[in-house]
Amino acid sequence: MKLTRLLLGLLIPPVGVFLEVGVGPTLFINILLTLLGWLPGSIHAVWVIAKHDEQFNRQY
């Protein structure tokens with residue numbers, strides 16, 4: 001599932017972020033970055049997905 005989220009984060013950044021964190025400020029930031037350009041949105045999406053997984057693994 002993580003690979004799917006990462007691929008969606010690269011191809012359609014807001015979808016990857018939505019699947020990872022849901023609706024919230026992070027999603028809106030990613031939408032704005034994606035509107036500014038595909039590359040900033042993709043970088044942010046991959047970063048959010050990687051950091052969220054890292055924090056989730058620390059808790060368990």
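The values are calculated or read from the model by the stated rules, or taken from the named source; none is laboratory data. Worth saying up front: this structure is predicted, and the values here are computed from it rather than measured. When we count neighbours, we look across all protein chains shown, and the Cβ atoms used for this are built from the backbone with ideal geometry, even at glycine. Just the protein is used for accessible areas: all its heavy atoms, side chains included, with ligands, DNA and RNA removed. Shrake-Rupley method; radii C 1.70, N 1.55, O 1.52, S 1.80 Å.
Things worth noting here:
- Residue, modelled with the lowest pLDDT, within the stretch 32-56, restricted to residues that are open to solvent by less than 60 Å² (accessible area, probe 1.4 Å) and β-branched (Val, Ile, Thr): 49
- Against the criterion of being surrounded by 12 or more Cβ atoms within 10 Å (Cβ to Cβ) and at pLDDT below 90, residue 5 qualifies.
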